[in-house]
Structures are given as structure tokens and as C-alpha cells.
Amino acid sequence: MSKLTAEQRKARDDERFSQRVAERREKGEDVIAYALTTKKAVKFLSKSERKELNRRKLANQEEKQLKEKEELKRIEASFTNDTDAE
């Protein structure tokens, strides 16, 4: 088998991801979750799916920030409790 050029590899990969997204859509699976985990699949989403993808990304970011703030509060609380004990 001959080696593929970068352009040929890209075309092959695009075709594979397009097929995977189409298959998941036909099966009724969550194509947006697939696109969140597989960045190359994003360009094969429909407009409504892309809007949902962006909404989920924003929700994930907000959830992550909230967890970080809670963790920071716990750390600060542990420091204030340590200084109170001394």
C-alpha cells in the first residue's frame, strides 16, 4: 500500500467522520456528545446541532467554573480553620 499524502489523509478522515456522524444520527444516538469528544466531527453537524453544541459547551464551562469556585472556597476554609486551631 502506498503512503497517502496529507490531502488524501484529510479527505479519508473527513469521509470517515462524516459517516460516523450520519450513522449515529440514524441510530438516534447523541451526535452532539460525540462531537464534544471528537473535535473533527463538529463540521458534520447541522445548524441546530451546532447551536446545541455551543449551548452545551457553555454549560460545561459554567459548571467547571462553579466547581473551581467551590474548591477554592473549601481550600480557603481549610486555611482559616488551620489558623483558628493554632
Out of Ala59, Thr37, Thr80, whose Cα points farthest toward the positive end of the dipole of the chain (charges: +1 Lys, Arg; -1 Asp, Glu; placed on Cβ)?
Thr37
Going by accessible area, probe 1.4 Å, with all protein chains left in place, what is the ranking of Asp13, Asp30, largest first?
Asp30, Asp13
Check: the chain dipole with +1 on Lys, Arg Cβ and -1 on Asp, Glu Cβ, in debye
940
Reach of Lys57 by Cα under 20 Å, taken over lysines that are not fewer than 8 positions away in the same chain:
Lys39, Lys40, Lys43, Lys47, Lys67, Lys69
Segment Glu76-Leu4, extension gain: residue separation times 0.36 nm, minus the distance between their alpha carbons
20.4 nm
Among [x] 39; [y] 51; [z] 59, the entry matching percent of Cα pairs over 23 Å apart as calculated here is [y]
Using Cα pairs under 8 angstrom and six or more residues apart, how large is the relative contact order of the chain, in percent?
19
How much of the accessible area of the chain, in percent, comes from carbon and sulfur atoms when a 1.4 Å probe is used?
51
Report the accessible area of Glu52, computed with a 1.4 Å probe over the heavy atoms of all protein chains in place, in Å² rounded to the nearest 10.
50
Each label sits 7 Å from Cα toward the beta-carbon; between Arg12 and Lys69 the label points are separated, in nm, by 4.8
Could you work out the local net charge near Glu15, counting Lys and Arg as +1, Asp and Glu as -1, over the other residues with Cβ closer than 14 Å to its Cβ?
+3
Calculate for the chain the 222 nm mean residue ellipticity that helices alone would give, adding -39,500 (n - 2.57) per DSSP H run of length 4 or more and normalising by residue count, nearest 500 deg cm²/dmol.
-27500 deg cm²/dmol
For the chain, take the longest principal axis of its alpha carbons; what is the angle in degrees between that and the long axis of helix 47-85, to the nearest 10 within 0 to 90?
20
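The values are calculated or read from the model by the stated rules, or taken from the named source; none is laboratory data. The structure presented is a predicted model; accordingly, all values stated were derived computationally and were not measured. No Cβ is skipped: glycine too gets one built from the backbone with ideal geometry, and neighbour counts run over all protein chains shown. For the accessible areas, the whole protein counts, side chains as well, though only heavy atoms, and no ligand, DNA or RNA atoms are used. Shrake-Rupley method; radii C 1.70, N 1.55, O 1.52, S 1.80 Å.
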